[in-house]
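K.L.:
The structure follows.
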Amino acid sequence: MAIKSRANTWKNWAGNQECSPARIERPSSEAELTAVVKQAAADGLRVKVVGAGHSFTDIALTDGVLVDLSEYGRVLSVDATAKTVTVEAGITLLRLNDEVAARGLGLENLGDIAYQSIAGATATATHGTGAKFRNISSRIVGMRIVTGDGSVIECTPEENADILRVARVGVGALGVVSTVTLECVPAFNLHAIEEPMRVDELLDDIDGYVDGNDHFEFFWVPHTKWALTKRNRRTDEPGQPRGRWQSFRDDYVLSNVAFGAMCRVGRRRPGLIPRLAKIIPSTGRTEYIERSDKVFASPRLVHFYEMEYAVPREALPEALNRVRDLVDRMGVNISFPVEVRFVQGDDIPLSTASGRETGYIAVHVYRGTPYDQYFQGVERIMNDYEGRPHWGKMHFQRAETLAPRYPEWDAFQDVRNRLDPERRFTNLYVERVLGP
Ligand SMILES: Cc1cc2nc3c(=O)[nH]c(=O)nc-3n(C[C@H](O)[C@H](O)[C@H](O)COP(=O)(O)OP(=O)(O)OC[C@H]3O[C@@H](n4cnc5c(N)ncnc54)[C@H](O)[C@@H]3O)c2cc1C
């Protein structure tokens, strides 16, 4: 998925991050993986693993050894009774979804896409939506981690449980995750209803929508009073999929081709954006039942840059209204809808939902569009709510500003000092957000 343009350069999906590592390694077994780390240590080089390159920040960049796990992504075992699956860290969510579905299982909750690797997605606390459900990392019940000297630590609820608790969201700073064991649920379908609503009416009864649906999210369309809503209910009812033409129209033509064309016009002639935006809410209502992962995640072909903030759930309506106000006042036209989601709090020290019921606000701009004024304005708003930025999405925070927003910051740093005292796994991003 990530673009590798020349033999020794690497670029992320969004195309805004690039590095030239000393070398790129593609191990296909744990033995090869440990050998890569040992050799890097012997050569005095830093190590960074890359998943699918779907982070927008410089989180996966290195001038040392870049470890590409695209050839290390098999299912190792499935425990049908415990409903757990153990996989090599490079497996993509797309493949993992198919593998567990073939065994009558599913992942409890997912984000918008499934191109990421399991280790990359969980390293940054990747999440979907649903106030009764947590992020993907919270379903990890076991990990094997290669530390800075090339040794492997097994983490389970019985062995090294303190490391497991922290490493579920490791921001790539604790070592190379070799395998992940995930708790699954019996396979389920989702009954999806997608329709536009007036954003003010939605916010007036936000708790009703969030608590009254298993998975609720919406996209406010800047320069309009409209939001596109998605309500998903978990069900065992048989699938009633959209026709092939309808899913092609919704997921490909409307969400990608037509939207991409609108963004390109908007980038050339920003003055047209408010008029173009009015077309988006006229897409009508869609209702269908499909396999859960096919509803949670869909194709994303339009490339963009994104920032996303986690705020306490109760602060979300006010924070969103301030973002709406900012867009109105800023004098810059924004072509991408603002995405709003909700998840349950968890107990992972560096999860963006750590210790609190959480609402997420995500802002985007089309690739190649200036974003500083917009993103910095949104970040200033989020600072007033102890906002925590998504580790894989753009932001301007530093360790000093982030530490007070995570009550268990020191627990993370303790494990980091134990697993990587030499900082074999650091890079500029990790130093900026976690300290040297
Ligand atoms: C189009 C798009 C849609 C998105 N939708 C969502 C969404 O709905 N919800 C959400 O929360 N996020 C979303 N994201 C963000 C994305 O899920 C995260 O940035 C995620 O971390 C990307 O996973 P990746 O496999 O590409 O990892 P990368 O970006 O390649 O790496 C991320 C981090 O993980 C580390 N890492 C990877 N593998 C390992 C390993 N084996 N051991 C140790 N560290 C490792 C890397 O070193 C790096 O620090 C989206 C991103 C894009 C581009």
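K.L.:
Using only the alpha-carbon atoms of the stretch 1-144, report the extent along each of the three principal axes, biggest first, to the nearest angstrom.
P.N.:
Taking the Cα atoms of the stretch 1-144, the three principal extents are 45, 33, 21 Å.
K.L.:
Kindly count the pairs of lysines across the chain whose alpha carbons are less than 14 Å apart, treating pairs on different chains or eight or more residues apart as eligible. Please list the in-between numbers first.
P.N.:
Working: Lys11/Lys48; Lys38/Lys48; Lys225/Lys278; Lys230/Lys294.
Summing the qualifying lysine pairs gives 4.
K.L.:
Starting from a Cα-only point model with no solvent, please compute log10 I(q)/I(0) by Debye for the stretch 351-436 at q = 0.12, 0.19, 0.21 1/Å.
P.N.:
So the normalised log intensities are -0.43, -0.97, -1.11.
K.L.:
Just from the alpha-carbon atoms, what are the Rg and Dmax of the stretch 117-179 in angstroms?
P.N.:
Over the stretch 117-179's Cα set, Rg and Dmax evaluate to 11.8, 40 Å.
K.L.:
Translational diffusion coefficient, Stokes-Einstein: compute it for the stretch 60-109 using the Kirkwood radius over C-alpha pairs as Rh, at 20 °C and 1.002 mPa s, and state it as an integer in µm² s⁻¹.
P.N.:
On the way: Rh = 12.2 Å.
For these conditions, the coefficient is 175 µm²/s.
K.L.:
Step by step: find N for the stretch 293-436, compute 2.2 N^0.38 Å, then divide the Cα radius of gyration by it. What's the final number?
P.N.:
Numbers: Rg = 16.3 Å, N = 144, 2.2 N^0.38 = 14.5 Å.
Its radius of gyration relative to the 2.2 N^0.38 Å reference: 1.12.
K.L.:
Right, another one. In a GNM of the chain with a 10 Å cut-off on Cα contacts, which of Ala42, Ala173, Ala101 has the highest mean-square fluctuation?
P.N.:
Maximum fluctuation in the GNM of the chain, among the listed residues, is at Ala42.
K.L.:
What does the charge count around Gln240 come to, taking other residues whose C-beta lies under 11 Å from its C-beta (Lys +1, Arg +1, Asp -1, Glu -1)? Each step should come with its number before you reach the end.
P.N.:
On the way: positive: Arg242; negative: Glu237, Glu287, Glu290.
Every neighbour counted, the sum reads -2.
K.L.:
I've got another one for you. How big is D, in µm² s⁻¹, for the chain by Stokes-Einstein at 4 °C and 1.567 mPa s if Rh is the Kirkwood radius over C-alpha pairs? Mind showing how you got there, number by number?
P.N.:
Working: Rh = 22.1 Å.
Diffusion coefficient, whole number: 59 µm²/s.
K.L.:
Mind listing the Cα extents of the stretch 88-230 along all three principal axes, in Å, largest one first?
P.N.:
Principal extents (Cα only, largest first): 56, 32, 26 Å.
K.L.:
Which order do Ser335, Ser151 take by accessible area at a 1.4 Å probe, largest first?
P.N.:
Values: Ser335 20, Ser151 50 Å².
Sorted by accessible area, descending: Ser151, Ser335.
K.L.:
Using only alpha carbon positions, build the gyration tensor of the stretch 83-152, then give the equivalent ellipsoid semi-axes as the square roots of 5 times its eigenvalues, largest first, whole angstrom.
P.N.:
They are 21, 15, 12 Å, listed from largest to smallest.
K.L.:
To the nearest 10 Å², what's Phe336's accessible area with a 1.4 Å probe?
P.N.:
Here the residue's solvent-accessible area equals roughly 20 Å².
K.L.:
Just add up the charged neighbours of Leu164: K/R +1, D/E -1, any other residue whose Cβ is under 15 Å from the Cβ of Leu164.
P.N.:
On the way: positive: Arg139, Arg144, Arg165, Arg168, Arg416, Arg418; negative: Glu154, Glu158, Glu159, Asp162, Glu183, Asp346, Asp347, Glu408, Asp414.
The answer is -3.
K.L.:
Radius of gyration and Dmax for the stretch 341-388's Cα atoms, expressed in Å?
P.N.:
Taking only Cα atoms of the stretch 341-388, I get Rg and Dmax of 13.0, 37 Å.
K.L.:
May I ask for the Kirkwood hydrodynamic radius of the stretch 32-72, worked out over all distinct Cα pairs and given in angstroms to one decimal?
P.N.:
Values: mean 1/r = 0.0920 Å⁻¹.
That comes to 10.9 Å for the stretch 32-72.
K.L.:
Can you compute the helix-only [θ] at 222 nm over the chain? Use -39500 (n - 2.57) per DSSP H run of at least 4 residues, normalise by all residues, nearest 500 deg cm²/dmol.
P.N.:
Value at 222 nm, helices only, nearest 500: -7500 deg cm²/dmol.
K.L.:
Using Cα pairs under 8 angstrom and six or more residues apart, how large is the relative contact order of the stretch 121-180, in percent? Mind showing how you got there, number by number?
P.N.:
Working: 85 pairs, mean separation 23.5, N = 60.
This gives 39 percent for the stretch 121-180.
The values are calculated or read from the model by the stated rules, or taken from the named source; none is laboratory data. The structure displayed is predicted, hence computed values, not measured ones. Neighbour counts run over all protein chains shown; Cβ positions are idealised from the backbone, glycine included. Ligands, DNA and RNA are excluded from the accessible area calculation, which covers all protein heavy atoms including side chains. Shrake-Rupley method; radii C 1.70, N 1.55, O 1.52, S 1.80 Å.
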